[in-house]
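Reviewing the structure listed below.
The values are calculated or read from the model by the stated rules, or taken from the named source; none is laboratory data. Everything numeric in this text was worked out from a predicted model, so none of it was measured. We place every Cβ from the backbone using ideal geometry, glycine too, and count neighbours over all the protein chains shown. Surface accessibility is based on the protein's heavy atoms, side chains included, excluding ligands, DNA and RNA. Shrake-Rupley method; radii C 1.70, N 1.55, O 1.52, S 1.80 Å.
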Amino acid sequence: MSDVPFQPTGITPSAEQLAIQLLRTRLLLVEANAGAAKTTTLALRIAQALQRGAQPETVLALTYTAPAVTALQQRLASIGVPRAVVQKLRIQTFEAFSLAVLVAAEGVATRVIASPEQARPYVVRAIERAQSLPDERHPDDLMADAQPHDLVEGLLKSFDVLKGRMVVEHLDPEERMTPALADELGFGYLTMRAWACYEFARKGGHPDRPEFRFQGDGAYDLARALLSGEIDAGDAALQQGLTLICVDEMHDVNRAAFTVLKAVLAANPRAAFVGVGDRDQVIHSQTGAEAGFMREHFRAEIGTPEVLPLTHSRRFSPQLARHVGALAGKPYAADDALQTAIRLEPCESPRLAAAFIARQAQAHHPQKALSSLRVLLRHAAQSVLIEHELLRLGVPYDAVGFAPYLERPETLLVRGLHASACQDYTGFETPAQRAALLDALLLFSGARVDSIELRHLDSADAQRVAVAEAAVSADTTHAFIDAHVLRSAHPAARRQLQAAMALLRTQDAGAFEASFLNALDPLALAARVFVRREDAAQVADNIAQLHRVAVTEEAGVAGAFRMFTAMDGARRRLRSNDRVVLSSIEAAKGLEFDHVIVPHLSAGEFGDGSTETRNLLYVAMTRARRQLTLTFDPRRPSRFLKDAALID
Ligand SMILES: Nc1ncnc2c1ncn2[C@@H]1O[C@H](COP(=O)(O)OP(=O)(O)OP(=O)(O)O)[C@@H](O)[C@H]1O
């Protein structure tokens, strides 16, 4: 049968790409470097299937992250697959796919919770339950130095690994958990017992479907149901009559996702499979991701695939390929015709780096080329000074992967404390602005809305109604803060908030500079709210940056807060289609930009030197097409710069 190759728009496939595009074999794996055209070639393979007559609904493409879904959709459109057809293709994360299969099998959608803060009460209860079970054989091994509240973060991390690697599912069901077995598995006994209690509670004693699902539970629950035979390859929920199954970013696959993939392949024996990935882009190892699912596990559990290469980066120059190759310790070739300028900019302080980045952005402004520039940040707090400089220069921008600093709850908290202390709500003119301010104050104060009239609502809805009522005017907002937020705050939080307000009321610039952070104690405040220490540290860091910006304002405390209001107004007015984007590295996976700036490659600022951090930098550097700019403090450069042979 003749097989006319699909002709993409914009590119001419290389011989390697064409071989992958046209191959009809059942199992195909492509492991290649970042930028070597994996996603594009997957898109070509899908387009070829469509040209051969496959219905779009019979093509399933799975990824691990939402940005990878978007990247594949965009690539399909850019090679000429009509947008309406792209919409019909099933391109989903493993999690979304699994949840859809579970809904079909269970007949009803289970509540999905998204934040560790929502999961916390269940984890605390699980710890308390584990520690008080009457027939416990090893009670001494369940003692912990810390309070349950302080154990939640560590336990949720362990639960992620237990789910992603499916640790307990691979144990003999008859085997009792003991401290020795927990130790052998690499977890504490309390972790394993709390996990059992947490899972028992999550399932709500209900045999068919759990009470809630947290992130990762979709793939985990489906994988478990598949292992236990509750759902099998013959199940209608999996029998989708698929003709082509693809996995992009396959390096992020963990045991749970792999189990789902195996079942989908078994349920669709006539479908072809293509998986693409790059072992150096594993940035989700905390959920059990490992490159082995593209190699030995695949061979052992699915079959021997054909393996085809994509050898050259099609995104950036051979010179950049050499540097990222040195960083990752692997050979890296690139198309000779490509040119990518690499600039290393010494900046002795974050403020200088921020000013440099803003000037770089400003230079793109006249050509309406702001959107070709992306600033990739390791932490959201790094954006504060950069945003500030962009606003000063009137450069429109957006944030992806985190909120712009003026919208973060901790910024609203500080501005709200000032507004309330001075009874001046300038900058909070609309009910929506006042509601956001009240939400931030409620969050950090730990105060709950507890009104008899709202008892019939759940706590989130009750808060929404109460806040909307209070935000009607500045007067009612002020009264609500006084009578409600401060009065019913957590006692320690109340002391901190009142101390900060007393200081702000004096308008004394010296005292504000010297004592505001001590009075507010942002880390303690945030640690009460957020489960992850890293999130709490980010909040504290954001507030410290905000404070730093405020104290350098020459017009005193009132002037600094007027400036924040002016900046907020300026940001709202600076709406433009052409804007520079500040983004987390995670949110840039699979995407590419003409000019990429990665700031703060200084020791202690970019990361801890772990493989995961190195992979993050690898992902960030390999997003660049024509220019990569890295800033660093020349007195303490990150060791990664040396590893990448960018400095001696
Ligand atoms: N045949 C081709 N000719 C020219 N450019 C191409 C060709 N194939 C792909 N490209 C370009 O190469 C770049 C990288 O492609 P792609 O994003 O598919 O790589 P990738 O391997 O998926 O990258 P990553 O692992 O970083 O997500 C894109 O700009 C794409 O348009």
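Residue by residue through the range 505-562, note down the ones that are free of Cβ contacts under 8 Å to residues at least 24 places away in the same chain, polar (S, T, N, Q) and under 29 Å from residue 152 (Cα atoms). Once the filter is applied, which keeps residues that are free of Cβ contacts under 8 Å to residues at least 24 places away in the same chain, polar (S, T, N, Q) and under 29 Å from residue 152 (Cα atoms), the range 505-562 yields only 518. In summary, residue 269 fulfils each of the numbered conditions (1) touching a Leu at 6+ places or on another chain (Cβ under 7 Å); (2) without any contact (Cβ under 8 Å) to a residue 12 or more places away in the chain with the single exception of condition (1). The number of residues in the range 231-287 being surrounded by fewer than 23 Cβ atoms within 10 Å (Cβ to Cβ), in a helix (DSSP H, G or I) and basic (Lys, Arg) comes to 2. Return yes when residue 151 is under 29 Å from residue 111 (Cα atoms), open to solvent by 10 Å² or more (accessible area, probe 1.4 Å) and part of a helix (DSSP H, G or I) and no when it is not. Criteria met by residue 151. Scanning the range 404-422 for residues that are among the hydroxyl-bearing types (Ser, Thr, Tyr) and either within 24 Å of residue 382 (Cβ to Cβ) or within 28 Å of the chain's Cα centre (by Cα) (or both) yields 405, 411. Kindly establish whether residue 424 is under 17 Å from residue 478 (Cβ atoms), in the same structural domain as residue 498 (by TED's automatic domain parsing) and in a helix (DSSP H, G or I). No; evaluated as a whole, the condition is false for this residue. Within the range 300-337, the set of residues being touching a residue at least 12 places away in the same chain (Cβ under 8 Å), within 14 Å of the ligand (Cβ to nearest atom) and open to solvent by 50 Å² or more (accessible area, probe 1.4 Å) comprises 309, 311, 312, 314, 336. Going through the range 439-477 one residue at a time, which ones are closer than 21 Å to residue 525 by Cβ, surrounded by 17 or more Cβ atoms within 10 Å (Cβ to Cβ) and touching a Ser or Thr at 6+ places or on another chain (Cβ under 9 Å)? Scanning the range 439-477 gives 440, 441, 445, 446, 447, 449, 477. Residues in the range 156-185 that are of a type in the set (D, E, K, R) and surrounded by fewer than 17 Cβ atoms within 10 Å (Cβ to Cβ) were compared, and the one that is nearest to residue 288 (Cα to Cα) is 157. In summary, residue 295 fulfils each of the numbered conditions (1) in contact with a strand residue (DSSP E or B) (Cβ under 7 Å, 6 or more places away or on another chain); (2) more than 16 Å from the ligand (Cβ to nearest atom) with the single exception of condition (1).
Pairing each residue of the range 64-88 that is not assigned by TED's automatic domain parsing to the domain that holds residue 258 and within 15 Å of the ligand (Cβ to nearest atom) with any residue that is open to solvent by 20 Å² or more (accessible area, probe 1.4 Å) and of a type in the set (A, V, I, L, M), provided the two are 6+ apart or on different chains, yields no C-beta distance under 9 Å.
If you go through the range 486-504 and keep only what is polar (S, T, N, Q) and in contact (Cβ under 8 Å) with a residue 24 or more places away in the chain, you end up with 488, 496. Considering the range 527-538, and only residues there that are in contact with a Leu (Cβ under 8 Å, 6 or more places away or on another chain) and part of a helix (DSSP H, G or I), the residue that is most open to solvent (accessible area, probe 1.4 Å) turns out to be 537. Against the numbered list (1) part of a helix (DSSP H, G or I); (2) under 24 Å from the mean Cα position of the chain (by Cα); (3) modelled with pLDDT of 95 or more, residue 92 comes up short only at (1). The single condition among (1) assigned by TED's automatic domain parsing to the domain that holds residue 325; (2) open to solvent by 10 Å² or more (accessible area, probe 1.4 Å); (3) in contact with an Asp or Glu (Cβ under 9 Å, 6 or more places away or on another chain) that residue 582 does not satisfy is (2). Would you be able to say whether some residue in the range 8-16 is under 22 Å from the mean Cα position of the chain (by Cα) and charged (D, E, K, R)? No, the range 8-16 contains no residue that is under 22 Å from the mean Cα position of the chain (by Cα) and charged (D, E, K, R). What number of residues within the range 541-588 are more than 27 Å from residue 503 (Cβ to Cβ) and polar (S, T, N, Q)? Number satisfying all stated conditions: 4.
Of all residues in the range 359-396, those that are of a type in the set (Asp, Glu) and over 23 Å from residue 619 (Cβ atoms) total 1.
Restricting attention to the range 28-63, the residues that are within 12 Å of the ligand (Cβ to nearest atom), open to solvent by 10 Å² or more (accessible area, probe 1.4 Å) and among the polar types (S, T, N, Q) add up to 3. Residues that are away from the ligand (no atom under 16 Å from the Cβ) and among the aromatic types (Phe, Trp, Tyr) were ranked within the range 584-633; the one that is farthest from residue 364 (Cα to Cα) is 606. Exactly one residue out of 614, 626, 635 is farther than 21 Å from residue 319 by Cβ and not aromatic (Phe, Trp, Tyr), and it is 635. For the range 626-648, taking the residues that are assigned to a strand (DSSP E or B) and surrounded by fewer than 22 Cβ atoms within 10 Å (Cβ to Cβ), the one that is modelled with the lowest pLDDT is identified as 637.
The residue pairs whose first member lies in the range 89-100 and is open to solvent by less than 10 Å² (accessible area, probe 1.4 Å), whose second member is acidic (Asp, Glu), and whose beta carbons are closer than 7 Å, counting only pairs six or more residues apart or on different chains, do not exist in this structure. Restricting the first member to the range 339-354 and to residues that are closer than 17 Å to residue 381 by Cβ, and the second to residues that are among the small types (Gly, Ala, Ser), the beta-carbon pairs closer than 7 Å and six or more apart or on different chains are 347/353. Suppose we keep only residues that are outside any loop (DSSP other than H, G, I, E, B) and open to solvent by less than 40 Å² (accessible area, probe 1.4 Å) within the range 1-27. Which one would you say is farthest from the ligand (Cβ to nearest atom)? Filtering first and then ranking leaves 27.
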